[in-house]
Amino acid sequence: MQSYSEVLTVQEQDLDDNQHVNNVRYVEWVQNISKKHWEAATDPDIRKDMIWVVKNHNISYQRSALLGDELLLKTYIQKTQGPLSIRIVEILHNKTGQLIVKAITEWCLLDAHSLRPKRVPETIQKLFKGT
């Protein structure tokens, strides 16, 4: 599973005082689609032994999303090195294709039992390369 995507519609609870999507909501969406991608590509046995934590979020806001806008969220792993993976999330206006937000997030894989960093196994890397 090289990439993962989903479509959502902006709801009233997603908005800030300026009537566009709140920055905090974008962070939630980035984390949620990342988790869904992980869960779609792996099975419960893998997930019981490994967990991911965010080391760094870099989010670029290009445009505003408004109430009722249909958004396409797409994510993929750009690079993996040691225990770290760089994940890209793009949020686009689903009808126009215009980029609204691009997030580059550095995730660190931990052993679920010791909570220590763990090198991303080749078997996991292959799941996200689509090979």
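The values are calculated or read from the model by the stated rules, or taken from the named source; none is laboratory data. Predicted model, so just to flag it, every value in this text is computed and none were measured. Glycine also receives a Cβ, built like all others from the backbone with ideal geometry; neighbour counts cover every protein chain displayed. Accessible surface is based on the protein model in full, side chains and every heavy atom, while ligands, DNA and RNA are left aside. Shrake-Rupley method; radii C 1.70, N 1.55, O 1.52, S 1.80 Å.
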Note to self: I'd like to know if segment 40-59 contains one or more residues that are open to solvent by less than 50 Å² (accessible area, probe 1.4 Å), free of Cβ contacts under 8 Å to residues at least 60 places away in the same chain and on the phi < 0 side of the Ramachandran plot.
What the structure shows: yes
Check: Among the residues of segment 9-27, which ones are over 27 Å from W107 (Cβ atoms) and part of a helix (DSSP H, G or I)?
Finding: E12
Next item on the list: Scan segment 99-125 and report the pairs whose first residue is hydroxyl-bearing (S, T, Y) and whose second residue is open to solvent by less than 30 Å² (accessible area, probe 1.4 Å) and modelled with pLDDT of 95 or more, with Cβ atoms within less than 6 Å and a gap of 6+ or a chain change.
Entry: T105/R87
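Yes/no per residue for (1) within 25 Å of H113 (Cα to Cα); (2) at pLDDT 95 or above; (3) not acidic (D, E):
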position: V21; (1), (2), (3): no, yes, yes
position: R25; (1), (2), (3): no, yes, yes
position: E28; (1), (2), (3): no, yes, no
position: D43; (1), (2), (3): yes, no, no
position: I46; (1), (2), (3): yes, no, yes
position: V54; (1), (2), (3): yes, yes, yes
position: I59; (1), (2), (3): no, yes, yes
Next item on the list: Those residues that are over 14 Å from the mean Cα position of the chain (by Cα), more than 13 Å from G82 (Cα to Cα) and surrounded by 13 or more Cβ atoms within 10 Å (Cβ to Cβ), I need them from segment 113-128; list them, please.
Entry: L127
Next item on the list: Return the residue satisfying two criteria in turn: it lies in segment 11-33 and is of a type in the set (D, E, K, R) and exposed (fewer than 11 other Cβ atoms within 10 Å of the Cβ), and of such residues it is farthest from the chain's Cα centre (by Cα).
Entry: D17
Notebook entry, point to check: Considering only segment 67-98, how many residues are open to solvent by 40 Å² or more (accessible area, probe 1.4 Å) and either of a type in the set (S, T, N, Q) or at positive phi (or both)?
Noted result: 8
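State yes or no: is L115 out of contact with any strand residue (DSSP E or B) (no Cβ under 6 Å at 6 or more places or on another chain) and at pLDDT below 95?
Details: out of contact with any strand residue (DSSP E or B) (no Cβ under 6 Å at 6 or more places or on another chain): yes; at pLDDT below 95: no.
Judged against the criteria, L115 is not a match.
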